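The values are calculated or read from the model by the stated rules, or taken from the named source; none is laboratory data. None of the values given here were measured: they were computed from a predicted structure. For neighbour counting, all protein chains shown are included, and Cβ atoms are generated from backbone atoms with ideal geometry for every residue, glycine included.
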Amino acid sequence: MLSKKTNPTQMTFCLTFEEQLNHRHPLYILADKIDWQIFETEFGKHYSPDQGRPAKPIRLLTGLLLLKHIRNLSDESVVEQWQENSYYQYFCGMISFVTGQPCEPSELVHFRNRIETAGMELIMKESVRLNGKDGKEKDVCVDTTVQEKSITFPTDNKLYRKIIQKSITIAEAEDIELRQSYRRTIKKLSYQLRFQRSKKQQKLARKAARKIKTIAGRLVRELERKLTSNAQHADRSSRLLQLYSDIF
């Protein structure tokens with residue numbers, strides 16, 4: 001059936017900001033479970049009581065840091081989304097909806113520097129208390145295997161260049177004179193590999209990748225011949241050959 005028409009211009013003076021929100025929302029529930037007074041007490045020690053400009057509320061900055069990690073956001077994004085999200089604002093202790101930004105993104109950096117490592121550990125401790133069985137666990141293991149790492153995927157080209165660099169290092173350590181070090185050639189080929197996704201120069205990038213692989217094999221075979229000629233280098237030669245066979 002059709003819904004009844006309501007008067008959209010009618011104002012509500014009875015409901016508070018808290019009552020207008022969904023009490024089953026995860027952020028609403030989490031905001032009521034966190035012991036914010038702990039942060040007020042501990043972080044308040046880092047501020048002067050009567051000098052300087054009045055700082056932003058501690059719950060506001062602490063809540064922004066928590067939201068940043070809960071939603072995996074940057075400092076700029078969490079500040080921008082805060083002024084658009086009622087639950088973000090309630091989580092940070094607001095009693096009414098605010099249309100402006102809570103602070104500058106750089107203030108979160110200054111706040112982290114102010115509370116230092118001990119403050120971040122306190123936030124982590126409170127998070128463990130909420131996610132554990134009322135904080136009764138003695139030993140807590142944090143699984144970071146699903147956390148994003150600042151690493152790159154080990155592509156074949158990177159492995160080939162690593163082999164080349166390692167081969168040159170071994171040759172210098174063992175006073176072995178190589179026919180060619182290929183330093184300038186590798187630098188030029190690495191630049192051509194940047195165009196692997198370009199339609200016009202994709203063929204050139206594939207050719208450069210094959211050339212790097214050829215150079216890596218050439219250096220390994222040359223080292224193998226010159227190392228095996230000396231008995232004291234036999235063990236290193238076998239390890240080098242094993243490394244080459246595992247990758248290729």
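Tallying residues that are buried (at least 19 other Cβ atoms within 10 Å of the Cβ) and assigned to a loop (DSSP other than H, G, I, E, B) within region 104-127 yields 0. Within region 76-97, being exposed (fewer than 14 other Cβ atoms within 10 Å of the Cβ), touching a residue at least 12 places away in the same chain (Cβ under 8 Å) and not in a helix (DSSP H, G or I) holds for Ile95, Ser96, Phe97. Here is a check on your reading of the model: is Gln101 in a helix (DSSP H, G or I) and either buried (at least 19 other Cβ atoms within 10 Å of the Cβ) or at negative phi (or both)? Taking the combined requirement at face value, the residue does not satisfy it. The residues of region 1-57 that are of a type in the set (A, V, I, L, M) and either at pLDDT below 80 or in a helix (DSSP H, G or I) (or both), listed by number, are Met1, Leu2, Met11, Leu15, Leu27, Ile29, Leu30, Ala31, Ile38. Does Thr144 meet the test of being assigned by TED's automatic domain parsing to the domain that holds Leu67 and either at pLDDT below 80 or surrounded by fewer than 10 Cβ atoms within 10 Å (Cβ to Cβ) (or both)? Criteria not met by Thr144. Here the condition is being part of a loop (DSSP other than H, G, I, E, B), within 21 Å of the chain's Cα centre (by Cα) and surrounded by 11 or more Cβ atoms within 10 Å (Cβ to Cβ); of Leu73, Leu67, it holds for Leu73 alone.
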